[in-house]
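Remarks on the structure that follows.
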Amino acid sequence: MTTIGKDQALRVRGTVGHRTRAHLARVVHSGTAPIVDPATTFVMLAALLTVDELIVAGDGLVGWLNWCTVDELEAAVGRHRSARHIRKARAALAEVRPGSRSPGETRLRLTLLRRGLPEPKLNHDVVVAGEWIARVDLAYPAARLAIEYESDLHRSDPRTFRKDLTRGEHLKDVDWWLVRATAEDVGALADVFVQRIRRLLTTGTAGRHDTRSRHPLATIS
């Protein structure tokens, strides 16, 4: 709950009260309910979330929710430069990226970055010889490596499941690797997962991407 003006922030069980000045926040409406604009909400969330959690929220605002832009987040952070936790908001804002389509994708990107890997491309269109092949969640084009985050929807929805299989086969046809990541790969198994990605990046960028024999198949009897 946000109080705009000089009144004390509300203290109600089950809520967190904030107070801000009128010139710092913009009021918008959700139906008939007045709410603080999304960019200001991002700044306020810095008091409650970790940096990585705030990055997930920011990616959502400028990505799959499309409720504001990075420029609007920057403006809100600039207006609140003397606010508590503003350093955390600045740190998170530096790593917010437009283009993410889910919290899982953001957590996957941060898992890679926090363990020293380069920043991947988000929602990258794989185009080979002028032909569009697929759009993938994360990609390292120089290594021809695609990474897809698989939520439960990918397993439980038949249409999504079929689409995922087709995408994987199309990428294989043009000598791209496709690695599928799950919640465990950004959690308990993150170190093992990142080791695998690092190994594939090293192999792919060195030009040893496809180690299969290039000789014609032997006669099949």
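The values are calculated or read from the model by the stated rules, or taken from the named source; none is laboratory data. In this text the structure is predicted, and so the values were computed from the model without any measurement. For neighbour counting, all protein chains shown are included, and Cβ atoms are generated from backbone atoms with ideal geometry for every residue, glycine included.
If a residue must be surrounded by fewer than 16 Cβ atoms within 10 Å (Cβ to Cβ) and assigned to a helix (DSSP H, G or I), how many such residues does segment 54-69 contain?
0
Out of (1) outside the structural domain of residue 115 (by TED's automatic domain parsing); (2) at pLDDT 75 or above, what's the single condition that is false for residue 143?
(1)
Testing residue 30 on (1) at pLDDT below 90; (2) crowded, with 16+ Cβ neighbours inside 10 Å; (3) out of contact with any strand residue (DSSP E or B) (no Cβ under 7 Å at 6 or more places or on another chain); (4) not acidic (Asp, Glu), one condition comes back false. Which one is that?
(2)
Within segment 180-208, restricting attention to residues that are outside any helix (DSSP H, G or I) and either in contact (Cβ under 8 Å) with a residue 60 or more places away in the chain or among the hydroxyl-bearing types (Ser, Thr, Tyr) (or both), which residue is nearest to residue 120 (Cα to Cα)?
181
Quick one: in segment 101-136, of everything that is outside any strand (DSSP E or B) and over 23 Å from residue 187 (Cβ atoms), which residue is modelled with the highest pLDDT?
Among those that are outside any strand (DSSP E or B) and over 23 Å from residue 187 (Cβ atoms), it is 130.
All but one of (1) more than 30 Å from residue 169 (Cβ to Cβ); (2) surrounded by 14 or more Cβ atoms within 10 Å (Cβ to Cβ); (3) of a type outside the set (Asp, Glu) hold for residue 109; which doesn't?
Every condition holds for residue 109 apart from (1).
Quick check on residue 116: is it in the same structural domain as residue 48 (by TED's automatic domain parsing), surrounded by fewer than 16 Cβ atoms within 10 Å (Cβ to Cβ) and either out of contact with any Gly (no Cβ under 8 Å at 6 or more places or on another chain) or touching a residue at least 40 places away in the same chain (Cβ under 8 Å) (or both)?
Spelling it out, it is not the case that residue 116 is in the same structural domain as residue 48 (by TED's automatic domain parsing), surrounded by fewer than 16 Cβ atoms within 10 Å (Cβ to Cβ) and either out of contact with any Gly (no Cβ under 8 Å at 6 or more places or on another chain) or touching a residue at least 40 places away in the same chain (Cβ under 8 Å) (or both).
Quick one: would you say residue 199 is surrounded by 12 or more Cβ atoms within 10 Å (Cβ to Cβ) and basic (Lys, Arg)?
So residue 199 does not fit the description; no.
Check residue 95 against each of (1) outside any helix (DSSP H, G or I); (2) over 20 Å from residue 47 (Cβ atoms); (3) modelled with pLDDT of 95 or more and name the one condition it does not meet.
(2)
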